[in-house]
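This report concerns only the one structure given below.
FYI, it's all coordinate maths here, none of it is from the lab. Quantities reported herein were computed from a predicted structural model and do not represent experimental measurements. Heads up, the Cβs are rebuilt from the backbone with ideal geometry, glycines too, and the neighbour counts pull from every protein chain shown.
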Amino acid sequence: MVTLFEQDIKTNDRQSSKGNQLKWENDGIWYKADYAGYEGLAEYMISNLLQKSSLLPEEYAVYQTEQIRYKDVVYTGCASRNFLRDSWQIITLERLYKNVTNKSLTQAVWTIRDVRGRFQFLVSETERITGLKRFDIYLNKLFTIDAFFLNEDRHLHNIAVLMNDKGEFRYSPVFDNGAGLLSDITMDYPLSGDVYQLMDSVRAKTVSPGFDEQLEVSEEAAGHNLGFYFQKQDVLRLLQEADAYPEAYRNRVRDILFWQMKKYRYLFGEKEE
């Protein structure tokens, strides 16, 4: 358990569509408290399973579960190392576009009627502003993660790049997957609900409400850029080690992941040596 104080508290503009978690930074570690359910468990499971994927280590943040004491209240949550160095900072695509054009990127994207047009506009505008290449590949990786893990909160306030004080840009590691795996048991995905019906009800937020539709569009543009090679025993081991969370939460995460492994079996293959 870690004890945190008011001087550690952080606020940011990467708003969730459902509100803000308590967040802190202390001694190079970021902490987040669970807000609507088991976000910390979702962050932990998703990031640790990404360690058994084709992503490079620098392409994603790794989270561990954590119990956080703050103002005499103990929260479950998660912790990850601060991946920012020197003068680099996180800037969301929405904020970046607003700074450059004084317009809303979300509104601009969603005025386009077809999904392919929205995707192409988002790619071209991001590349134009940042100078980054192949943003379509980056989005394909995000959309693969979101479809598989059912991250419903990847709106444009929640996709970011890195920017330094010289105005240079880099790709951001993938982070903030806490809205995945039906983690919101307070409002939208109660434990009493049928897990498979709830999975069908989850909606994406980037360029389409359909996870598979935006994944398909990104695959048409950029191909397959993310593969998995974890197995069921990896899921079970990680869940067993997350014993700060009730068994009911862990069992539901298990059922979701096993179903998704069957649905998206084409994403699985042997690890390349």
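Placing unit charges on the Cβ atoms of the charged side chains and taking the dipole of segment 2-81 about its Cα centre, the candidate lying farthest along the positive direction among T3, S80, S53 is S53. Set the Cα radius of gyration of segment 2-81 against 2.2 N^0.38 Å, with N its number of residues, and you get 1.11.
Running Debye on segment 89-230 with equal point scatterers at the Cα sites and no solvent, what base-10 log of I(q)/I(0) appears at q = 0.10, 0.11, 0.13, 0.22 Å⁻¹? Calculated log10 I(q)/I(0) at the listed q: -0.35, -0.42, -0.58, -1.44.
Applying the Kirkwood pairwise sum to the alpha-carbon positions of the chain produces a hydrodynamic radius of 19.2 angstrom. Working ranking of peptides 223-234, 179-190 by packing, defined as the average number of other Cβ atoms within 10 Å per residue, highest first, is 179-190, 223-234. Compactness check for segment 100-170: Cα Rg over 2.2 N^0.38 Å is 1.15.
Output the pairs from K10/K98; K23/K141; K232/K263; K10/K205; K23/K52 with a Cα-Cα distance over 18 Å in this structure; if there are none, say none. Listed pairs above 18 Å: K10/K98; K23/K141; K10/K205; K23/K52.
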